[in-house]
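Every number here is computed from the coordinates shown, using simple stated rules; none is lab data. Since this is a predicted model, take the numbers as computed values, not measurements. FYI the Cβ positions are ideal-geometry reconstructions off the backbone, even for glycines, and counts take in every protein chain you see.
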Amino acid sequence: MQKSEMILQNMRDILKITLNLLIIYIIGGLIIAFVYSKTSPLIYKNKVESKKMALRKLLPEADSIEKTGSWKIHDKEADYYSAKKDGEIIGYIIESYGKGYSGYIEVLVSVDKEMKIKNISILSHTETPGLGDEITKDYFLKQFISKDTNHLITVKNTTDEYIQAISGATISSRAVTEDAVKSAIEFLKNKLKG
């Protein structure tokens with residue numbers, strides 16, 4: 001076999017492999033696009049439903065919860081709501097985001113008319129399992145109840161006055177407390193004043 005025939009044979013083999021890979025990539029891309037087109041609406045619908053359920057849990061005594069407006073935090077669009085009972089406002093719910101260790105933490109916080117926290121819910125996060133994801137646990141979230149913005153400070157010591165950081169997850173704790181919750185309540189205070 002001559003050298004030119006070997007080169008030609010190698011070129012054909014390379015072309016066959018390239019063509020096979022291209023076909024595989026196209027088919028794979030089409031399958032992924034098809035699956036995404038079928039699951040994307042379901043994912044969106046589930047997210048909307050879980051948000052509605054979280055809103056109801058934050059102020060269960062409310063007859064109605066109405067979207068009042070939206071605001072931006074960390075270049076993300078967040079909503080805020082008025083909660084009413086018998087046609088009178090009994091509190092507010094604010095959606096917010098905090099910059100955690102591994103990404104953004106989406107939070108819903110409810111407050112009464114005096115801007116004291118009634119409840120808090122973590123909607124989504126990407127914090128480290130077994131460490132930063134402790135922000136979703138009741139022992140951490142219960143610390144927020146009845147606190148105002150003056151007491152939304154993360155500390156490492158044992159405290160009842162402020163928010164005690166999760167050991168080994170201070171960044172996540174601070175992201176929820178000061179970045180998401182405190183910022184949201186301060187925004188709402190300023191919005192209602194103006």
Among the residues of segment 107-122, the number that are touching a residue at least 60 places away in the same chain (Cβ under 8 Å) and touching a Ser or Thr at 6+ places or on another chain (Cβ under 6 Å) is 3
Top-ranked residue in segment 46-80 [being touching a Lys or Arg at 6+ places or on another chain (Cβ under 8 Å) and farther than 17 Å from Glu186 by Cβ; ranked as surrounded by the most Cβ atoms within 10 Å (Cβ to Cβ)]: Leu58
Options Ile122, Ile135, Ile166: the member that is over 18 Å from Leu58 (Cβ atoms) and buried (at least 16 other Cβ atoms within 10 Å of the Cβ): Ile166
When you check Lys182 against the structure, is it closer than 19 Å to Pro60 by Cβ and of a type outside the set (Ser, Thr, Tyr), yes or no? no
